[in-house]
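See structure below.
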Amino acid sequence: MAHVAFVFIVCALLALKWPVFGGRNTVLVMIGALLPDIFKLYLPLRLIGVNAVDVLALFHIPVGTLLVCGLCALLFEEGTRERVFLLFAFGMVTHYALDALLISVTGGLVLAFPLSWETWQLDLVRPDNWLGTTILVAGAVLVWLVLQAWRRTGQSITEV
Amino acid sequence: MRRGLLAAILICAFIVLAAYYYTDVTYHLDAPRESEVSADYNAYVGRNVTISGEVISTGAGSFALKGTHENDTYTVVSAAEVHPGDDVTVLGTLGPGYQLHAIKMYTSSRVLSALVYIRSFVALIFVVVLFFASWRFDWHGWIIKPRKPSSQEQDGA
């Protein structure tokens, strides 16, 4: 949820200068931000006794997520695929930026695989932290309300 | 045709990288995990390992941790306050007899861990609804298209 709220805020701000981040494209960036978490399919699999952590790990590694971004972009119309891919990839970058802040005991993010197995983590925020998520969601709602009010004002001015 | 070829290349690249990760990850871990420890316990005695699991009982200066994957029970030597049912990940030095001297630990209550997954699921539903509000899947051409053309396309740009 924090990833989605963060993307909404970032895209809303970027769309003020670059409209490509706004409208229906915002949800593409949100999807890009959720793609690394396909990895979490290991959780329901664990319930049926399958340990798929290492099998699915590549989804939560940038090079793997980029390949998935490429595959997903191929589902879109020709001529829009490059832009869709870049929007997915931007969402992916926001995901890893937020995840890098989390506390990890197991090592952290393998950001440079397959070039390096080095792990990175800033160890600042607990994964089950509610305050950070609540602030981001509240911020997203606030940004949405401000945008709605701004659009309404803009429209009434145009109409006059 | 070109689209199918590109998809096949991307899928093959993913499978190759996933296989490389799966086969080699064990050799690159700073601290081996429960699955590696269970396979050859004595080889890891005296080394730092990472064990995740659920607290099943607590005592003075230690608690019992049931591993998530192999269901082995470890006695974790730590003064940290934990409660039965908590999800714990411990980085510690493995001793004989399934004893683990904690160096670094991450604890989360079962309720908080479950709520993290619930809020993720809610976010997923939200994004799916938002996506299909502005995009549609054309089954005929296996293509995702915008529901409404953009203002630029309407203008013929």
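Read the figures in this text as sums done on the coordinates, not as results from a lab. Predicted model, so just to flag it, every value in this text is computed and none were measured. With ideal geometry, Cβ positions are generated from the backbone for all residues, glycine too; neighbour counts draw on all protein chains shown.
Quick rundown of the values:
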item: Per-residue mean of C-beta atoms belonging to partner chains within 10 Å, peptide A:25-37; result: 3
item: Net charge contributed by nearby residues that have their C-beta within less than 13 Å of residue B:100 (K/R +1, D/E -1); result: +2
item: Degrees between helix B:110-134 axis and first principal axis of chain B (Cα, 0 to 90, nearest 10); result: 10
item: Mean shadow area of chain A over all directions, Cα convex hull, nm²; result: 12.0
item: Inter-chain shielding of A:98-108 (mean C-beta neighbours from other protein chains, 10 Å cut-off); result: 4
item: Cα-centre dipole for the protein assembly as shown with unit charges at Cβ (Lys and Arg positive, Asp and Glu negative), debye to 20; result: 1100
item: Prolate/oblate/rounded label for segment B:1-155 (Cα gyration tensor, a/c 1.5); result: oblate
item: Local electrostatic count at residue B:109 - Lys and Arg +1, Asp and Glu -1, tallied over other residues with Cβ under 13 Å; result: -3
item: Shielding by partners - mean other protein chain Cβ count within 10 Å, residues of B:7-19; result: 4
item: Cβ crowding within 10 Å averaged over residues, with B:1-8, A:64-71, A:9-16, B:79-86 ranked highest first; result: A:64-71, A:9-16, B:79-86, B:1-8
item: Chain B: angle of helix B:2-24 to the longest principal axis, Cα-based, in degrees nearest 10; result: 0
item: Chain B: relative contact order as a whole-number percent, Cα under 8 Å and 6+ apart; result: 14
